[in-house]
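Some notes on the structure that comes next.
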Amino acid sequence: MTPRQRKIGLVIASLIFLSGLITMIYPIVRNFSYQQQVGSQKIELINKIKNDVEYKKKSELLYEKLNEENIKLFNNKQRNLKDPFSYEETSIDLTEYEIEENCIGYITIPKMKVEIPIFLGASESNLSKGVAHLTETSYPIGGINTNAVLAAHRGHSSLKLFSDIQKLQLGDLIYIQNFREELIYEVSEIKIIDPDKIDDLLIVKGRDMITLITCHPKYVDNQRYVVFATRVNDLEKTNS
């Protein structure tokens with residue numbers, strides 16, 4: 001091999017190494033930046049809840065509206081519910097309540113080391129940047145006879161989202177910061193179900209729940225990995 005050939009080979013090897021290094025580091029850097037951005041947005045929301053009088057008035061009106069919708073869903077037994085990932089659109093527009101991008105709040109899961117915005121509607125745009133609340137399930141505002149189903153990708157993005165959902169165990173805590181208050185839930189059950197097995201996603205009478213759902217196995221969508229969690233904080237106030 002000539003010196004020129006050895007030099008070209010060294011350059012090629014260096015480029016391959018550099019490309020691999022960038023591929024490995026990029027998701028770490030992007031997730032770090034994403035978490036920083038989400039954290040800042042969540043702090044802004046909390047400050048508005050505490051200090052912005054006009055916002056608090058609008059948030060109470062929104063709470064009343066969504067609570068009415070949740071009651072309707074329970075009373076009609078969610079008769080329009082089907083495969084959760086079918087719901088790309090939502091009938092609620094949050095912009096009139098000073099909430100941008102239909103971001104209804106944030107979910108924090110310490111065991112998974114993630115904090116993710118929650119958007120209304122399972123559109124691909126929403127699923128690419130966070131968690132999607134599924135239409136025809138309860139809005140994540142707490143209350144008796146509610147079950148907010150929240151979906152996210154698992155392994156189809158450089159963002160973590162629900163990639164580590166299998167780390168959750170019974171008793172782990174999940175925090176929902178919505179536009180009004182923080183709700184705390186405890187993991188109570190974990191299942192793997194078929195996509196059309198919607199009975200497991202229905203509201204359970206007398207309970208205040210959230211349900212996390214994602215594709216299973218990882219990188220495939222043959223089934224659904226489902227985590228059920230039950231409210232553990234301020235339940236009496238929520239049900240009053």
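Things worth noting here:
- The C-beta contact set for region 25-38 (first residue over 15 Å from Met112 (Cα atoms) and open to solvent by less than 70 Å² (accessible area, probe 1.4 Å), second residue at pLDDT 70 or above and acidic (Asp, Glu), distance under 8 angstrom, 6+ apart or interchain) comprises Val38/Glu115.
- Being open to solvent by less than 40 Å² (accessible area, probe 1.4 Å), under 22 Å from Glu64 (Cβ atoms) and not hydroxyl-bearing (Ser, Thr, Tyr) is a description that does not apply to Ile213.
- For beta carbons closer than 7 Å, sequence separation of 6+ or different chains, a first residue in region 224-239 that is open to solvent by 20 Å² or more (accessible area, probe 1.4 Å) and a second that is among the aromatic types (Phe, Trp, Tyr) and modelled with pLDDT of 50 or more, the qualifying pairs are Thr230/Tyr185; Val232/Tyr185.
- Condition met for Asp196 (open to solvent by 80 Å² or more (accessible area, probe 1.4 Å), closer than 18 Å to Gln166 by Cα, modelled with pLDDT under 90 and of a type in the set (Asp, Glu)): no
- One residue from Ser128, Ser158 being touching a Pro at 6+ places or on another chain (Cβ under 7 Å), among the polar types (S, T, N, Q) and modelled with pLDDT under 95: Ser158
- Here is the figure for region 126-141: residues that are among the polar types (S, T, N, Q) and more than 13 Å from the chain's Cα centre (by Cα) total 3.
- Filter result (assigned to a helix (DSSP H, G or I) and not aliphatic (A, V, I, L, M)) within region 110-122: Pro110, Lys111
- Which numbered condition Tyr63 fails, given (1) in contact (Cβ under 8 Å) with a residue 40 or more places away in the chain; (2) under 22 Å from Ala122 (Cβ atoms): (2)
- The strands (runs of 3 or more DSSP E) found entirely in region 123-224 that carry 2 or more residues being in contact with an Asp or Glu (Cβ under 7 Å, 6 or more places away or on another chain) and not acidic (Asp, Glu) are 173-178, 182-193.
- Criterion applied to Leu170, Leu159, Leu150 was being under 14 Å from the mean Cα position of the chain (by Cα), among the aliphatic types (A, V, I, L, M) and over 30 Å from Lys57 (Cβ atoms), and the one residue passing it is Leu159.
- Filtering Lys160, Lys113 for residues that are surrounded by fewer than 19 Cβ atoms within 10 Å (Cβ to Cβ) and of a type in the set (Lys, Arg) leaves a single hit, Lys113.
The values are calculated or read from the model by the stated rules, or taken from the named source; none is laboratory data. Everything numeric here is computed off the predicted structure, so don't read it as measured data. Backbone-built Cβ (ideal geometry, glycine too); neighbour counts: all protein chains shown. Accessible surface is based on the protein model in full, side chains and every heavy atom, while ligands, DNA and RNA are left aside. Shrake-Rupley method; radii C 1.70, N 1.55, O 1.52, S 1.80 Å.
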